[in-house]
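Peer 1: I'd like to ask you about the structure that follows.
Each value in this text was obtained by applying a stated rule to the coordinates, not by laboratory testing. This is a predicted model, so every value here is computed, not measured. Neighbour counts are summed over all protein chains in view; Cβ atoms, including those assigned to glycine, are modelled from backbone coordinates with ideal geometry.
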Amino acid sequence: MSDKNLSLLLARQLRKLGLSLDEPPKDLATWQELVQKIDTTYKEYDEARQSSDNILAVSLKEMERMQEERAQLNADVLKELNENLSLVLQASEMGVWDWDLENNNVSYDKRWCEILGRTLDETPQVLSTFQELVHPDDLDRVMKLASDYTSKKINKFEVKFQMKHKMGYWVHIQAKGKIIKSDKANRPLRFMGTHTDLTDEIRFQKEIEIQKNKLFHQSKLASLGEMSAGIAHEVNNPLAIIAGSAELLPMVKENPEKFNSRLESIQKSCQRISKILNGLKKFSRSAEEIVFKKNNLSHIIDEVLLLTEMKSSRSLTSIKRDSPPEIYINCDDLSIEQVLINLINNAIDAVKTNEVRWIKVTAHEEDSYIILRVIDSGPPISLGLEEKIFDPFFTTKKVGDGTGLGLSITKGILDEHSASISINRSFSTTCFEIRFNKVGV
């Protein structure tokens with residue numbers, strides 16, 4: 001090394017040590033001490049450098065280890081999630097389908113196949129499998145909904161349809177699906193969902209509806225049974241008038257005024273009998289023949305009062321009506337007659353031991369509703385009973401005096417009419433209040 005370079009190197013190292021060439025060491029011992037300091041400085045630097053390299057290497061290895069652990073952890077978590085999902089799907093008995101929209105491939109799991117009585121081996125994993133098994137009347141609708149959902153025209157995919165079982169019958173299916181993967185342009189790539197077998201549920205619902213109709217019919221028969229004794233008397237009275245007037249006609253044939261009066265009595269009696277019988281004939285109609293149309297509520301009330309007149313007379317309970325002659329609701333008239341008969345018969349039973357016995361049926365318009373009330377002279381129903389009175393088979397009557405179905409069926413009928421029934425506590429006595437929507441509202 002040249003003297004110049006040596007001088008530069010020495011100057012640089014001296015500056016690092018806080019020394020200067022302007023004040024060089026004055027003897028050999030000082031120079032030796034300086035050289036030793038320089039060697040020590042380089043040694044410390046080299047050790048620090050090596051230590052830094054080691055730390056970096058260790059850090060990199062630790063990061064790799066952590067990444068491996070995290071990847072394994074993610075794999076374990078994913079595996080656990082998949083296992084839990086499988087258990088949930090098994091418990092719910094849902095079948096799973098997975099539609100690769102990019103390649104138009106579809107796969108189905110074991111349960112999906114089992115719902116249709118098939119095995120995985122005999123079920124081709126292609127879209128046409130699904131299309132061939134869907135009921136022809138449902139296929140276009142289902143595929144359009146799927147297309148609308150994947151093209152984001154609708155934000156939810158849920159549909160019910162039928163698919164053909166291996167044994168030849170139709171299975172009721174509810175399908176739900178969700179896009180679970182999209183590309184950077186937000187185009188859907190993967191569409192996945194479930195199938196649920198609703199066949200048993202729909203069959204059960206039909207059986208419930210059949211039983212409901214039977215109970216409805218039985219309730220009508222029970223009401224007819226309560227009225228039967230009075231009906232005989234109701235028919236016998238006008239028959240007696242007819243017989244008596246017919247017997248007197250020959251005696252007054254020479255007196256036009258009396259003759260016409262007797263004929264008028266016969267005609268009125270015949271009309272009364274016809275009205276009673278028509279009411280009973282309507283009342284025996286099947287519950288399945290429900291027809292909604294615009295009906296005059298006042299006319300319905302008149303029909304009911306005629307049918308309940310004898311029972312109220314026997315218990316010395318007066319029934320009054322307060323409603324305008326023209327007040328209309330959209331309803332099945334026979335069903336609403338059933339509701340009113342149930343409420344009036346209950347009211348008659350409730351007040352029959354009271355000293356004061358009366359029932360009042362009112363109807364009026366209020367805002368967007370038609371309000372129908374059945375009020376009686378009995379004390380208000382307690383809050384404890386109010387929570388239960390519409391429950392099936394709940395009754396406060398003695399065993400054999402009631403089935404506990406009347407108010408339950410009444411509420412069911414009103415639910416079908418989008419009407420409500422409740423206890424109106426603004427009265428000092430019992431008041432059942434029904435709210436119908438106004439016609440056209």
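Peer 1: Around ILE202, with a cut-off of 13 angstrom between Cβ atoms, what is the net charge of the other residues, counting Lys and Arg +1 and Asp and Glu -1?
Peer 2: Around ILE202, the surrounding residues sum to -2.
Peer 1: Sort GLU309, GLU416 by Cβ crowding within 10 Å, fewest neighbours at the top.
Peer 2: Final ranking by Cβ density, sparse to dense: GLU416, GLU309.
Peer 1: Then there is this: Mean separation of Cα pairs under 8 Å and 6+ residues apart, divided by the residue count of segment 93-197: what relative contact order is that in percent?
Peer 2: Relative contact order here is 30 percent.
Peer 1: Given LYS320/LYS411; LYS178/LYS411; LYS152/LYS293; LYS294/LYS320; LYS178/LYS438, which pairs have Cα atoms separated by over 31 Å?
Peer 2: Among LYS320/LYS411; LYS178/LYS411; LYS152/LYS293; LYS294/LYS320; LYS178/LYS438, the Cα-Cα distance tops 31 Å for LYS178/LYS411; LYS152/LYS293; LYS178/LYS438.
Peer 1: Extending each Cα 7 Å along its Cβ direction at ASN105 and ILE290, get the distance between those two points in nm, one decimal.
Peer 2: 5.1
Peer 1: TRP170 versus GLU114, label points 7 Å from Cα toward the beta carbon: distance in nm?
Peer 2: In this crude spin-label approximation the distance works out to 2.6 nm.
Peer 1: Separate question: Would you please give the FRET efficiency between ALA243 and GLN267, computed as 1/(1 + (r/R0)^6) with r the Cβ-Cβ distance and R0 = 22 Å, to the nearest 0.05?
Peer 2: So, using R0 = 22 Å, E works out to roughly 0.95.
Peer 1: For VAL252 and SER418, FRET efficiency with R0 = 60 Å and r from the beta-carbon atoms, rounded to 0.05?
Peer 2: E(calc), rounded to 0.05, equals 0.60.
Peer 1: May I pose another question? Compute, for segment 93-197, the length of the dipole vector about the Cα centre, with Cβ point charges of +1 (Lys, Arg) and -1 (Asp, Glu) only. Units Debye, rounded to 20.
Peer 2: The calculation lands at about 480 debye.
Peer 1: Over all pairs of distinct alpha carbons, what does the Kirkwood formula give as the hydrodynamic radius of segment 93-197, in Å?
Peer 2: One over the average 1/r among Cα pairs gives 14.0 Å for segment 93-197.
Peer 1: Can you sort MET94, MET251 from fewest to most other Cβ atoms within 10 Å of each residue's own Cβ?
Peer 2: Going from least to most buried by this count: MET251, MET94.
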